[in-house]
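To start, the structure itself, in structure tokens.
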Amino acid sequence: MSSKLLRMAVTTAAALALVGAAPATADRTPVATTTAYGGGDDFTIVGHRGASGYRPEHTLASYELAARMGADYVEPDLVTTKDGVLVARHEPEIGGTTDVADHPEFASRKTTKSLDGVATTGWFTEDFTLTELKTLRANERIPDVRQHNTIYDGRYEVPTFQEVIDLVKRLSRELHRDIGIYPETKHPTYFRKQGLALEPKVLDALNRNGLNRPGAKVYVQSFEVTNLIELHRKLRVPLVQLTSATGAPFDFVDSGDPRTYADIVSAAGLRDVAKYAKGVGPDKNQVIPRDSAGFLLAPTTLVRDAHRAGLVVHPYTFRAENTFLPADFRSSAIPAEYGDLFAEIAAFRAAGVDGLFTDNTDIAVAQEQLAAAHR
Ligand code: G3P
Ligand code: CA
């Protein structure tokens, strides 16, 4: 075993030991003793933006690869076009993930808008009809980290939500398993204020496709609260409240509600979430924080408190490159090189999470298989 791998093995073991051995405090009670690592067989693997470690995110190619790698769900983030069609993009601004800048016919559409209070310059989906958007092609968002993905630049369209649903249905038939879909409403307040509310379109799409029913393999997620509560009244599929490590839901900011994401992941906050949602999707650092050098600390009480409230916990985002990993599991100082995502997933499994969002479905699936083999 190389010294690098040996260090990884040692740090993995140390991290897992830390998870189980950390002293209890009011804020950081260890939870590993309540859920043994690898102890469940219903762990949920969500292909985050598809298989975005290997293909430009939010393309049909990315979703298809995630499904073929074994993802339980694929995750489209949803925004809307000018003519009200839901499409899969991480945000309304598309300069970072498409070739729109290379289209002189759209040069005049470049503008600056306030996106949830942040001045953002670029091109926005709500300024394009679907027909116009379909003339663009997707590009890799982080080419410096994922140079290999850039070979796919310019090859794939921006998919509609309907195209994602159609793909999932086709692959479910072909692969003989029910592949789920885990859509996220992106910037709901921003779109509602432009007369382009996302929620009726999501409701309509799920209804039209026979997916708004108990037992449908669907979760609907949002970083905002108000729209999830509204959807709770109309949807018959489970909802997931997303939370960030800092800040507050923009609908709260917009309405003057002082509550923050920290309030939402408190024990009382999670009991409130359980009134309209079945799960919480925290930033992974809210489950196992890091110290100032990037090493994992003891888990917080989030998983325990969520479980007590009856919520599942699906943190985001698990990625193989060093730049996204805790210092414990990095292989080198080079950001784009792969570290030990297996070990990171193991640490979060030991902390009791019920699933996770990952850009590397293949690694998450392999980790589950290895864990199962040792049970
Ligand atoms: O929805 C889970 C995760 O995707 C949230 O983060 O910014 O990647 O959509 P983001
Ligand atoms: Ca998302």
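Some points to look at:
- Flag for Glu105 being surrounded by fewer than 24 Cβ atoms within 10 Å (Cβ to Cβ), touching a residue at least 60 places away in the same chain (Cβ under 8 Å) and of a type outside the set (S, T, N, Q): no
- Of the residues making up segment 73-121, those that are over 23 Å from Val168 (Cβ atoms) and away from ligand 1 (no atom under 16 Å from the Cβ) number 22.
- Screening Val265 against (1) away from ligand 1 (no atom under 14 Å from the Cβ); (2) closer than 25 Å to Asp354 by Cβ; (3) surrounded by fewer than 19 Cβ atoms within 10 Å (Cβ to Cβ) leaves a single unmet condition, (3).
- Taken over segment 132-165, the criterion of being hydroxyl-bearing (Ser, Thr, Tyr) and in contact (Cβ under 8 Å) with a residue 12 or more places away in the chain is satisfied by Thr135, Tyr152, Tyr156, Thr160.
- Residues (more than 20 Å from the chain's Cα centre (by Cα) and of a type in the set (Val, Ile, Thr)) located in segment 107-165: Thr111, Thr112, Val118, Thr120, Thr121, Thr125, Thr129, Thr131, Thr135, Thr150, Ile151
- Within segment 185-211, if we keep just the residues that are outside any loop (DSSP other than H, G, I, E, B) and in contact with an Asp or Glu (Cβ under 9 Å, 6 or more places away or on another chain), the residue that is nearest to ligand 2 (Cβ to nearest atom) turns out to be Thr185.
For (1) over 19 Å from Glu126 (Cβ atoms); (2) touching a Phe, Trp or Tyr at 6+ places or on another chain (Cβ under 6 Å); (3) in a strand (DSSP E or B); (4) free of Cβ contacts under 8 Å to residues at least 24 places away in the same chain, each residue gets a yes or a no:
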| position | (1), (2), (3), (4) |
| --- | --- |
| Tyr63 | yes, no, no, no |
| Arg68 | yes, no, no, no |
| Ala71 | yes, no, no, no |
| Val74 | yes, yes, yes, no |
| Val79 | no, no, yes, no |
| Gly84 | no, no, no, no |
| Val87 | no, no, yes, no |
| His90 | no, no, no, no |
| Gly96 | no, no, no, no |
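- Search result, residues across segment 272-301 that are aromatic (Phe, Trp, Tyr) and either in contact with an Asp or Glu (Cβ under 7 Å, 6 or more places away or on another chain) or under 16 Å from Gly355 (Cα atoms) (or both): Phe295
- Note on segment 254-263: residues that are part of a helix (DSSP H, G or I), more than 21 Å from the chain's Cα centre (by Cα) and either modelled with pLDDT under 95 or not charged (D, E, K, R) (or both) total 1.
- Segment 326-375: number of residues that are outside any helix (DSSP H, G or I), surrounded by fewer than 21 Cβ atoms within 10 Å (Cβ to Cβ) and not acidic (Asp, Glu): 9
- Residues that are more than 28 Å from Ile165 (Cβ to Cβ) and surrounded by fewer than 20 Cβ atoms within 10 Å (Cβ to Cβ) are absent from segment 220-242.
- Only one of the listed residues (Val74, Val85, Val79, Val100) is at pLDDT 95 or above, touching a helix residue (DSSP H, G or I) at 6+ places or on another chain (Cβ under 6 Å), more than 16 Å from ligand 2 (Cβ to nearest atom) and within 25 Å of Glu199 (Cβ to Cβ). That residue is Val85.
- The single residue among Ser108, Ser172 that is at pLDDT 95 or above, more than 30 Å from Leu235 (Cβ to Cβ) and not in a loop (DSSP other than H, G, I, E, B) turns out to be Ser108.
- Filter result for the condition that a residue is in a loop (DSSP other than H, G, I, E, B), surrounded by 17 or more Cβ atoms within 10 Å (Cβ to Cβ) and either more than 16 Å from ligand 2 (Cβ to nearest atom) or modelled with pLDDT of 95 or more (or both), over Val164, Val145: Val145
- Subset of segment 43-61 that is among the hydroxyl-bearing types (Ser, Thr, Tyr) and over 14 Å from the mean Cα position of the chain (by Cα) - its residue that is farthest from ligand 2 (Cβ to nearest atom): Tyr54
- Test: residue in segment 299-316 that is part of a strand (DSSP E or B), within 16 Å of ligand 2 (Cβ to nearest atom) and at pLDDT 95 or above: yes
- From the options Asp251, Asp272, residue that is without any contact (Cβ under 8 Å) to a residue 12 or more places away in the chain, surrounded by 15 or more Cβ atoms within 10 Å (Cβ to Cβ) and either touching a Lys or Arg at 6+ places or on another chain (Cβ under 7 Å) or not in a loop (DSSP other than H, G, I, E, B) (or both): Asp272
- Residues of segment 212-233 that are part of a loop (DSSP other than H, G, I, E, B) and either closer than 28 Å to Gly247 by Cα or within 16 Å of ligand 2 (Cβ to nearest atom) (or both): Tyr219, Phe223, Glu224, Val225, Arg233.
- Restricting Thr317, Thr301, Thr361, Thr323 to those that are touching a residue at least 24 places away in the same chain (Cβ under 8 Å) and over 19 Å from the mean Cα position of the chain (by Cα) reduces the list to Thr301.
The values are calculated or read from the model by the stated rules, or taken from the named source; none is laboratory data. The structure displayed is predicted, hence computed values, not measured ones. All Cβ positions, glycine included, derive from the backbone under ideal geometry; neighbour counts span all protein chains shown.
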